[in-house]
Amino acid sequence: MARTEPFDAALYLTSPQSQEELLNDAFASGDARYVSQALGVIARARGMTEVAREAGVTREALYKALSENGDPRLTTLLGVARALGVTLKARVEARP
């Protein structure tokens, strides 16, 4: 029987470019759960303890907020974005 191990994308998304691509894809999807998970992966890749400290939340609260079933508050989301050095920008798209 083959032995498998859980896959953790945080081990492979170590460059700023790959992290940016993941976040752009998550934001483009419009799926709040995907955005939360993407931020969680990047936070784990950079060090959850440090990100939590810079975001002003406990490590445990950050794990919970950015988990698969998490739903981070806007203040948490903005704190994590700031801690990760992520700049959020808005672009209004023309509607037909």
Accessible area, 1.4 Å probe, largest first: how do ASP25, ASP71, ASP8 sort? ASP71, ASP25, ASP8
May I ask for the net charge around ALA65, where only other residues with Cβ less than 14 Å from the Cβ of ALA65 are counted and Lys, Arg are +1 while Asp, Glu are -1? +2
Please sort by residue number the chymotrypsin sites (Phe, Trp or Tyr not before Pro) in region 6-59 whose DSSP state is loop and whose Cβ has at most 13 other Cβ atoms within 10 Å. PHE7, TYR12
Ranking LYS64, LYS89 from most to least accessible area with a 1.4 Å probe gives LYS89, LYS64
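At 1.4 Å probe radius, can you tell me the per residue accessible area of the chain in Å²?
Per residue, the chain has an accessible area of 75 Å².
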Residue of ALA65, ALA32, ALA81 that the Gaussian network model of the chain assigns the largest fluctuation, springs spanning Cα pairs under 10 Å: ALA32
With every protein chain in place, the accessible area of GLU68 for a 1.4 Å probe, in Å² rounded to the nearest 10, comes to 120 Å²
In whole µm²/s, the translational diffusion coefficient that Stokes-Einstein assigns to the chain, given a Kirkwood hydrodynamic radius over C-alpha pairs, 4 °C and 1.567 mPa s, equals 92 µm²/s
Measure nothing fancy, just the Cα-based angle from helix 32-46's long axis to the longest principal axis of the chain, in degrees from 0 to 90, nearest 10. 60 degrees
Ellipticity estimate at 222 nm from DSSP helix runs (n ≥ 4, -39,500 (n - 2.57)) divided over the chain, nearest 500: -17500 deg cm²/dmol
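The values are calculated or read from the model by the stated rules, or taken from the named source; none is laboratory data. Just so it is clear, the structure is predicted and the values come from calculations on it, not from any experiment. Note that each Cβ is placed from the backbone with ideal geometry, even for glycine, and that neighbours are counted across all protein chains shown. Surface accessibility is based on the protein's heavy atoms, side chains included, excluding ligands, DNA and RNA. Shrake-Rupley method; radii C 1.70, N 1.55, O 1.52, S 1.80 Å.
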